[in-house]
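Everything on this sheet refers to the single structure shown next.
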Amino acid sequence: MCRNHAPAAWAETKLSDAKYASELAAACEAVTLASKLCQRVQQQLTTSEKADKDDASPVTVADYGAQALVAWVLQRADPSLKLSMVAEEDSADLIAPSGAAMLARITQLINSVLAEEQGAAPLSEQDVVGLIELGGSQGGPQGRHWVLDPIDGTRGFVGMRQYAVCLGMLQDGDVVLGVLGCPNLPQGAVGDDDGGAAAAGKSSSADVGCLFLAHRGAGAYVAPLSSSSSSLRRISVRDESDMGNARFMESYESRHSDHSFTAAVAKQAGVSLPPLRMDSQVKYGLLSRGDAGIFMRFPPPSYREKIWDHAAGCVIVEEAGGKVTDASGARLDFARGRWLDLDGGIIAAPPAVHGAVLAAAQAVRGSKL
């Protein structure tokens with residue numbers, strides 16, 4: 001059973017009879033534990049707890065620690081199965097002599113979280129390295145593969161903004177379940193300032209922190225991230241056909257999505273409200289519960305999307321009644337390995353407006369050729 005939800009809350013939904021109910025429960029537990037570690041690190045983040053990967057994107061002890069915790073929970077949930085996980089981090093930097101201090105810190109953080117779990121023995125540094133290495137799967141169209149981004153929106157995490165722990169499960173190439181842990185996201189209404197650097201300061205509030213979850217064919221749900229809560233609520237995208245009332249979301253930083261292009265698409269589609277800018281797959285969660293009506297992402301042509309950046313959020317939006325495609329209208333294909341091969345970007349919206357946004361994007365792109 002997912003630790004966040006009392007049995008009654010779970011049983012009152014279609015999830016109790018869902019095909020992968022036990023796997024979804026394990027995913028909820030994994031994301032909750034990983035989110036707890038991330039919260040602790042963000043509140044005490046120092047320059048000694050982050051480094052730069054080869055692509056210059058920041059990585060913190062929380063990325064590694066969250067990945068190891070998720071692998072630990074999933075492996076423990078069914079030891080009879082060989083865990084295949086497609087995840088962002090590897091241990092190469094940690095096992096180098098220069099990574100000794102960071103590995104020790106990661107192990108300490110993980111064990112501080114596990115100390116609060118009944119029956120959990122502390123892990124050694126070698127255990128932690130082995131768990132992180134379980135994320136090296138290449139995925140593909142056959143079998144079961146977990147898809148993890150231990151911290152989606154690492155720049156937002158470092159910048160004290162929004163971020164998410166994102167876990168999905170592929171079964172024979174289809175994303176069949178997804179869970180998003182959003183520690184800094186308000187459970188109620190969201191404003192522009194919730195996307196900025198003030199977000200982390202609110203994470204200790206009882207009404208902040210969300211867990212989004214979905215199972216293919218059983219709907220999408222949200223609950224408070226707090227382990228003391230038993231509230232589980234079914235969610236759906238906003239049924240908004242009037243573009244004048246629609247609000248769109250985009251990445252907080254323009255390096256992740258062309259803000260000028262998105263603005264042109266919004267104008268072409270008749271959207272007049274200003275954008276809501278957020279880091280990470282938090283945007284998929286907000287779309288799925290109706291906080292905004294459209295999510296657009298148009299990265300630079302040189303950027304190649306990874307499956308862990310969208311798998312969990314995509315199934316949650318689809319189970320909430322939304323539609324997610326690339327800029328040509330093709331459904332996202334997670335069966336090709338670790339990468340998503342997209343045409344021009346991503347558009348997610350309720351079916352009533354998705355076609356109009358798609359047409360607008362194609363018109364703007366055509367005008368720039």
Item to check | Lone unmet requirement of (1) out of contact with any Pro (no Cβ under 6 Å at 6 or more places or on another chain); (2) on the phi > 0 side of the Ramachandran plot for Met169 | outcome: (2)
Checklist entry - Assuming Pro275 fulfils every condition listed in (1) without any contact (Cβ under 8 Å) to a residue 40 or more places away in the chain; (2) closer than 23 Å to Ala220 by Cα apart from one, which condition is it? => result (2)
Checklist outcome for this item: Note: among Ala264, Ala214, just one is in contact with a helix residue (DSSP H, G or I) (Cβ under 6 Å, 6 or more places away or on another chain), modelled with pLDDT of 95 or more and either at positive phi or in the same structural domain as Gln162 (by TED's automatic domain parsing) (or both), namely Ala214
Checklist outcome for this item: The condition of being touching a Lys or Arg at 6+ places or on another chain (Cβ under 9 Å), surrounded by 19 or more Cβ atoms within 10 Å (Cβ to Cβ) and within 18 Å of Glu88 (Cα to Cα) holds, among Gly153, Gly135, only for Gly153
Checklist entry - Picking from Ile294, Ile316, which residue would you name as being crowded, with 24+ Cβ neighbours inside 10 Å and touching a Ser or Thr at 6+ places or on another chain (Cβ under 7 Å)? => result Ile316
Checklist entry - Out of region 234-245, which residues are under 19 Å from Gly322 (Cβ atoms), at pLDDT below 95 and surrounded by fewer than 22 Cβ atoms within 10 Å (Cβ to Cβ)? => result Asp239, Glu240, Ser241, Asp242, Met243, Asn245
Next on the checklist: Tell me whether region 52-71 contains one or more residues that are assigned by TED's automatic domain parsing to the domain that holds Leu213, at pLDDT below 90, surrounded by 23 or more Cβ atoms within 10 Å (Cβ to Cβ) and not in a helix (DSSP H, G or I).
Outcome noted: yes
Checklist entry - Is it the case that region 104-117 has a residue that's modelled with pLDDT under 95, among the charged types (D, E, K, R) and crowded, with 19+ Cβ neighbours inside 10 Å? => result no
Next on the checklist: Looking only at region 314-364, count every residue that is out of contact with any Gly (no Cβ under 6 Å at 6 or more places or on another chain) and part of a helix (DSSP H, G or I) and tell me the total.
Outcome noted: 16
Next on the checklist: Given the criterion of a type outside the set (Val, Ile, Thr) and either under 19 Å from Glu88 (Cβ atoms) or without any contact (Cβ under 8 Å) to a residue 60 or more places away in the chain (or both), identify the matching residue among Gly270, Gly313, Gly293.
Outcome noted: Gly313
Checklist entry - Does at least one position in region 265-273 carry a residue that is under 27 Å from Gly209 (Cβ atoms) and part of a loop (DSSP other than H, G, I, E, B)? => result yes
Next on the checklist: Between Ser280, Ser260, which is within 17 Å of the chain's Cα centre (by Cα) and either over 28 Å from Val70 (Cβ atoms) or assigned to a loop (DSSP other than H, G, I, E, B) (or both)?
Outcome noted: Ser280
Next on the checklist: Any residue that is part of a strand (DSSP E or B) and either of a type in the set (Gly, Ala, Ser) or more than 25 Å from Ala199 (Cα to Cα) (or both) - is there at least one of those in region 301-312?
Outcome noted: yes
Checklist entry - Looking at region 308-316, is at least one residue of a type in the set (D, E, K, R) and closer than 17 Å to Ala164 by Cα? => result yes
Next on the checklist: For a quick check of your reading of the model, give me the residue pairs whose first member lies in region 193-204 and is over 14 Å from Val282 (Cβ atoms), whose second is part of a helix (DSSP H, G or I), with beta-carbon atoms closer than 9 Å and at least 6 apart or on different chains.
Outcome noted: Ser204/Gln39; Ser204/Gln43
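Take region 278-290 and flag every residue that is closer than 22 Å to Ala356 by Cα and crowded, with 22+ Cβ neighbours inside 10 Å. Before the answer, list the steps.
Keep residues of region 278-290 that are closer than 22 Å to Ala356 by Cα, which gives 283-290.
Scanning region 278-290 gives Lys283, Tyr284, Gly285, Leu286, Leu287, Ser288, Arg289.
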Item to check | Tally, over region 197-253, of residues that are hydroxyl-bearing (Ser, Thr, Tyr), more than 22 Å from Val357 (Cα to Cα) and part of a strand (DSSP E or B) | outcome: 1
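The values are calculated or read from the model by the stated rules, or taken from the named source; none is laboratory data. Quick caveat, the model's predicted, so the values are computed rather than measured. No Cβ is skipped: glycine too gets one built from the backbone with ideal geometry, and neighbour counts run over all protein chains shown.
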